[in-house]
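Notes follow once the structure below has been shown.
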């Protein structure tokens, strides 16, 4: 099942516990910071980064086992505004 939900905010660590409580097993994103990836993984949630395309196509690729994580293009090493991206 794919469900699109609004992001509850950008406070670090807010999203992983909420999604874990909902039974989420995978998170797919265009890009994600390393700390966020580590938080999701520490809760047993698989993270796939580098995803591009329409939601339906990406969901089909994930369900069929054909969606693989690409190099994580997000980091915050340039300061919050400089290296900031969320997919």
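The values are calculated or read from the model by the stated rules, or taken from the named source; none is laboratory data. Not measured: the values here are computed from a predicted model. Note that each Cβ is placed from the backbone with ideal geometry, even for glycine, and that neighbours are counted across all protein chains shown.
Points to keep in mind about this one:
- Odd one out for residue 13 among (1) loosely packed, with under 11 Cβ neighbours inside 10 Å; (2) under 23 Å from residue 61 (Cα atoms); (3) touching a residue at least 24 places away in the same chain (Cβ under 8 Å): (2)
- Pairs, first closer than 21 Å to residue 52 by Cβ in the range 19-31, second surrounded by fewer than 17 Cβ atoms within 10 Å (Cβ to Cβ) and at pLDDT 90 or above, C-beta under 6 Å, six or more apart: 26/46
- For the range 30-50, filtering for residues that are within 10 Å of the chain's Cα centre (by Cα) and either surrounded by fewer than 10 Cβ atoms within 10 Å (Cβ to Cβ) or at pLDDT 90 or above (or both) leaves 7.
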